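For reference, the structure is listed below as structure tokens.
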Amino acid sequence: MHVAPARGTAVQDHVALAEIELCGDLIIAASAAREDRLSPDRIDEVLRVAEERFLEKHGENGEDADG
């Protein structure tokens, strides 16, 4: 049996993390909604807010602002 060498945990996939965060924002918005489903306008609103927050934190290139 061959086991791949362990890698450090410092490597992060910024795109995957952003997508997970967007999904979380949609889940929170859906659970807070009075309707059964979010309207397309509400989804767009939630995603734009999440996108702006991500860009503030990670910049245009998806990298942490701290380095």
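The values are calculated or read from the model by the stated rules, or taken from the named source; none is laboratory data. Given the structure is predicted, the values throughout are model-derived calculations rather than measurements. These accessible areas exclude ligands, DNA and RNA; they are computed on the full protein's heavy atoms, side chains included. Shrake-Rupley method; radii C 1.70, N 1.55, O 1.52, S 1.80 Å.
How many residues are of a type outside the set (S, T, N, Q) and open to solvent by 80 Å² or more (accessible area, probe 1.4 Å) if we restrict to region 13-31?
Residues of region 13-31 of a type outside the set (S, T, N, Q): 13-30.
Then drop every residue that is not open to solvent by 80 Å² or more (accessible area, probe 1.4 Å), which leaves 13, 15, 17, 19-20, 27-28.
Summing the residues that are of a type outside the set (S, T, N, Q) and open to solvent by 80 Å² or more (accessible area, probe 1.4 Å) in region 13-31 gives 7.
Can you tell me which residue is modelled with the highest pLDDT among those in region 1-35 that are among the charged types (D, E, K, R) and part of a helix (DSSP H, G or I)? Even if it seems obvious, please write down each step before you answer.
At the first step, the residues of region 1-35 found to be among the charged types (D, E, K, R) are 7, 13, 19, 21, 25, 34-35.
Adding the requirement that they be part of a helix (DSSP H, G or I) leaves 19, 21, 25.
Values: GLU19: 88, GLU21: 89, ASP25: 92.
Going through the qualifying residues, I end up with ASP25.
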